[in-house]
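Let me begin by presenting the structure, written as C-alpha cells, before commenting on it.
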Amino acid sequence: MAVTIKDIAKKVGRSVTTVSRALNGYDDVSAATRELIEKTARELGYTPNTYAQRLQKQRSDTIGFIIPTFGPRFSDPFFSEFIAGIGNKASQLGFDVLVSTCAPGEEEMNVYRSKVEGKRVDGLIIIRTRQQDPRIQYLVQRGFPFVSFGRTRDNFEFPYVDEDSFYGMKLVVDHLCGQGHRRIACIAPPSDFNFGVDRLEGFIEGIRETGLSHHPKLIKIGDLTQRDGYRCTSELLDISEPPTAIVACNDLMAFGALRAVRERGLEVGRDIAVTGFDDIPMAEHADPPLTTVHQPIYQIGTMVCDMLIDLIVNSRLENSQIVLKPRLIIRQSSHPTV
C-alpha cells in the first residue's frame, strides 16, 4: 500500500499540514523539522502524488514543443540535440515536456489552440520562427507564456534566444574568399523562415563586402533536407561556369551537397569547397569533415527551457531577449583552391 502524508505525519508526530508544507518547500517550516520530515519520507519510500500537487497549484508542470515539419523530420539531428537540451533542463526543474509534430498552416494553429485552451501545457517553446509568425501573434495576444528560438519581423515584444545568422554567414564568405574562391554559391532556406532570410542576406552582404559580384544564378532555395542539398548542388554544377565553393545554410543540405560533388568525380576540399551551418554532431564525422558555423544547439535548448519555466513560475524574466554570436569551425571541406 502506498505511503501517504498521513503516514509520515504519524511517524514524526507532526500535523498533516506541516508535513505537506515541508515537502512542498514552504519556508514557514523550520530547517530541523523539514530535514526530519524529508528523511522520514525517504525511509518510508514516500512518492508524492504529482497529479494532486498539480491540481493544487493549478499548473500542469508541463511545457509543450511542437515541431513544424512536413514529413519525417523528427530524425533531423538538429531537433534531436535541441530536444535533449529542453528535456534535460525541464527534468532538472521538475517539469515534463510534451513533444508533437505538425506541418505549418491552419492545422498547426489548431494544435496550438488545443494546447493553450485545453490547458494541457503551462507554456510553449517555438522554433523555426517565420517573418510574420501566426503562432507568436496568437500567443502574444492570448498572453500565454512562451519563449522562441528565433526572432520575427513582426512588431511584437516577446522572449527569445537567437543566433546571429547574418554574422555567421559573413564569416563563411570571408573565409572562402580568403581561400581564393571567387564564384561562391549559396543553398538558402525557404524565405518564410526568418533565419533563412537572415542567412541569405548575410551571404549576399559578405559577397559585396569582399568586392565580388553577386550572381543570382548562384543562389538556390532548398528545403533544409539532404535531398534538396543534393538537388540544388547538381543544378549548380550543371551551369556553364559552376561555383568553386558552395555555402549550404544548414548541415543537412551540406551533406547532400557533399554527395552530389563526389558523384561528379570531384574532390571536396580540393576541386570545390562545401560549408554548412549549425555544426550538428555528424558534421565533424562527414567525409570530409564539414566546415560549418557552430551554434550550441543543446545549450540553446536548455536556455529557452530555463527561460520558459522561469516565466511560468515567476511571471517575469531578467533577460528576455538573447542574441548569440556564432563562430566558424574550419574543417577539411573548405581547403584552399588549387
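The values are calculated or read from the model by the stated rules, or taken from the named source; none is laboratory data. Because the structure is predicted, anything quoted here is derived from the model rather than measured. With ideal geometry, Cβ positions are generated from the backbone for all residues, glycine too; neighbour counts draw on all protein chains shown. Side chains included, ligands, DNA and RNA excluded: accessible areas come from the protein's heavy atoms. Shrake-Rupley method; radii C 1.70, N 1.55, O 1.52, S 1.80 Å.
Here is the link list: 39/119; 89/119; 6/115; 115/325. Which ones come out longer than 25 Å on Cα distance?
Too far apart for the 25 Å limit: 39/119; 6/115; 115/325.
With each pseudo-label sitting 7 Å past Cα toward Cβ, what's the residue 88-residue 35 distance in nm, one decimal?
Between residue 88 and residue 35, the label points sit 3.2 nm apart.
Which percentage, to the nearest 5, of the DSSP beta bridges contained in the chain is antiparallel? Could the numbers behind the result be given before it?
Numbers: 4 of 39 bridges.
Around 10 percent antiparallel, to the nearest 5.
Would you look at the GNM of the chain, springs on alpha carbons closer than 10 Å, and say which of 162, 238, 133 moves the most?
Fluctuation is largest for 238.
Starting from one equal scatterer on each C-alpha and no solvent at all, send me the Debye-based log10 I(q)/I(0) for the range 92-144 at q = 0.15, 0.22, 0.24, 0.27 Å⁻¹, two decimals.
Summing over Cα pairs of the range 92-144 leads to -0.43, -0.91, -1.07, -1.31.
Quick one: grab the alpha carbon gyration tensor of the range 90-246, order the square roots of its eigenvalues as a ≥ b ≥ c, and give me rounded if a/c is under 1.5, else prolate or oblate depending on whether a/b is larger than b/c.
Prolate, because a/c is 1.5 or more and a/b exceeds b/c.
In whole Å and largest first, what semi-axes does the C-alpha gyration tensor of the range 182-229 yield when each eigenvalue is scaled by 5 and square-rooted?
Result for the range 182-229: semi-axes of 20, 13, 7 Å.
Starting from the Kirkwood Rh over alpha-carbon pairs, what translational D in µm² s⁻¹ does the range 179-338 have by Stokes-Einstein at 25 °C and 0.890 mPa s?
148
Run the simple label-point estimate for residue 191 and residue 240 please: 7 Å along Cα→C-beta, distance reported in nm.
Modelled inter-label distance: 2.6 nm.
If eta is 0.692 mPa s and T is 37 °C, what Stokes-Einstein diffusion coefficient results for the chain, Kirkwood Rh from Cα pairs, in µm²/s?
Working: Rh = 22.4 Å.
Rounded, D is 147 µm²/s.
Using the beta-carbon distance between residue 4 and residue 324 and R0 = 35 Å, what value does 1/(1 + (r/R0)^6) give for FRET efficiency, to the nearest 0.05?
Calculated transfer efficiency: 0.15.
Within the range 87-124, list the residues whose amide N lies under 16 Å from a label point set 7 Å along Cα→Cβ of residue 156.
Flagged as within label range: 104-117, 123-124.
Determine the per residue accessible area of the chain with all protein chains present and a 1.4 angstrom probe, expressed in square angstrom.
Values: 16110 Å² over 338 residues.
Value for the chain: 48 Å² per residue.
May I ask you to give the percent of accessible area on the chain that is carbon plus sulfur, with a probe radius of 1.4 Å?
Whole-percent figure for carbon plus sulfur exposure: 49.
Assign unit charges at the C-beta atoms only (+1 for Lys and Arg, -1 for Asp and Glu), then state the dipole size of the chain relative to its Cα centre in Debye, rounded to the nearest 20. Could the numbers behind the result be given before it?
Values: 40 positive and 43 negative charges, 187 e Å.
Dipole of the chain, to the nearest 20 debye: 900 debye.
Any idea what the relative contact order of the range 102-166 is, in percent, if you count C-alpha pairs under 8 Å spaced at least 6 apart?
Computed over the range 102-166, the figure is 27 percent.
Rank 125, 152, 245 by how far each Cα sits towards the positive end of the charge dipole of the range 97-245 (+1 on Lys, Arg Cβ; -1 on Asp, Glu Cβ) and give me just the farthest.
Positive-end residue among those listed: 125.
Nearest 0.05, what FRET efficiency do residue 43 and residue 316 give at R0 = 30 Å with Cβ-Cβ as r?
Approximately 0.20, to the nearest 0.05.
For the range 57-169, treating each Cα as an identical point scatterer without solvent, what Debye log10 I(q)/I(0) comes out at q = 0.11, 0.19 1/Å?
-0.35, -1.11
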